[in-house]
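Colleague: Handing you this structure, nothing more for now.
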Amino acid sequence: MSSEQFETLHDLFTERYEQLQSMPAILEACRGEQHKSLIREFDKRHLEANEMLVQMEEELKVAPRSFQNQMMNKMHTYRKVLTELQREAKNTNVGFALDDVRKGFYSEENEQRAALNPQRSLLLQGHQSLSRTTDSIARSHCIAAETDAIGQNIVEELGGQREQLERTKDRLISTGENLSKSRKILAAMSRKIVTNKLLLSIIIVLEIAILGGVVYFKFFRRT
């Protein structure tokens, strides 16, 4: 909402409202053509005041809720007072000229309404279009906020997955180092086993040779 636009409309309405308040008393003292002229002037200002109320109500649609409720109550009071002022203006003509004045009043009112209706329709269409545009922008902001929230959640999830991958990578590196150490240990053990087998084979060969020598000297040497 444009607070400056609303304040400007409110100031103009207050000025027009004060003018309308003073007119019923003036109309009471007038007769004939002067009365008809003042009635036309009153009707014109009354319609302008109503148009200003319509514009202020459109401005309030996008106002903060607390301010909107407060000012909407005032708008309702303003409309009620304008209706009462119009009723007072209609009842100011007395005597034999009452029917003619009423006819003139309604005729001028119809003419002015006929002249102002196209402008009012265009104004209302403009306000409706502005309201739809505002609603569309508000929905776009909501969608953008939801998209941003989803994006942040995805970034957080990706960050968590990255940390998990880094931990898995560290574990794989640690496992690789452990496997390398295990291979070295197994290779050392294999060398020791081969060495032990070789030594055992040599010992067995020596024992067989010694045993053969003993048998030879004990049995075949004597003969």
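Colleague: Thr92 is checked against (1) in a helix (DSSP H, G or I); (2) surrounded by 14 or more Cβ atoms within 10 Å (Cβ to Cβ) and fails just one. What number does that condition carry?
Modeller: So Thr92 meets the others, but not (1).
The rows are residues; the columns are (1) of a type in the set (A, V, I, L, M, F, W, C); (2) within 55 Å of the chain's Cα centre (by Cα); (3) open to solvent by 60 Å² or more (accessible area, probe 1.4 Å).
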site: Asn153; (1), (2), (3): no, yes, yes
site: Leu165; (1), (2), (3): yes, yes, yes
site: Ser174; (1), (2), (3): no, yes, no
site: Val194; (1), (2), (3): yes, no, yes
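Colleague: Could we say that Ser201 is small (Gly, Ala, Ser) and modelled with pLDDT under 90 here? Break it down into steps so the answer makes sense when it comes.
Modeller: Numbers: small (Gly, Ala, Ser): yes; modelled with pLDDT under 90: no.
Taking the combined requirement at face value, the residue does not satisfy it.
Colleague: With within 23 Å of Ser129 (Cβ to Cβ) and of a type in the set (Phe, Trp, Tyr) as the only criterion, which of Phe6, Phe67, Phe42 stands out?
Modeller: Details: Phe67 fails: within 23 Å of Ser129 (Cβ to Cβ); Phe42 fails: within 23 Å of Ser129 (Cβ to Cβ).
Just a single option satisfies the conditions, and that option is Phe6.
Colleague: Follow-up question, since we're still on this one. Considering every residue within region 78-93, establish whether at least one is over 27 Å from Glu15 (Cβ atoms), at pLDDT below 75 and either of a type in the set (Lys, Arg) or in contact with a Lys or Arg (Cβ under 9 Å, 6 or more places away or on another chain) (or both).
Modeller: Step one: list which residues in region 78-93 are over 27 Å from Glu15 (Cβ atoms), which gives none.
No, region 78-93 contains no residue that is over 27 Å from Glu15 (Cβ atoms), at pLDDT below 75 and either of a type in the set (Lys, Arg) or in contact with a Lys or Arg (Cβ under 9 Å, 6 or more places away or on another chain) (or both).
Colleague: Across region 32-50, what is the total count of residues that are open to solvent by 40 Å² or more (accessible area, probe 1.4 Å) and within 44 Å of the chain's Cα centre (by Cα)?
Modeller: 3
Colleague: Looking at Gln112, Gln119, which is the one that is modelled with pLDDT under 75, out of contact with any Pro (no Cβ under 9 Å at 6 or more places or on another chain), open to solvent by 100 Å² or more (accessible area, probe 1.4 Å) and assigned to a helix (DSSP H, G or I)? Before the answer, list the steps.
Modeller: Numbers: Gln112 fails: open to solvent by 100 Å² or more (accessible area, probe 1.4 Å).
None of the others qualify; the one that does is Gln119.
The values are calculated or read from the model by the stated rules, or taken from the named source; none is laboratory data. Just so it is clear, the model here is predicted, and its values are computed rather than measured. A quick note on method: Cβ atoms are made from the backbone with ideal geometry, for glycine too, and the neighbour counts reach across all protein chains shown. Only protein heavy atoms, including side chains, enter the accessible area calculation; ligands, DNA and RNA are left aside. Shrake-Rupley method; radii C 1.70, N 1.55, O 1.52, S 1.80 Å.
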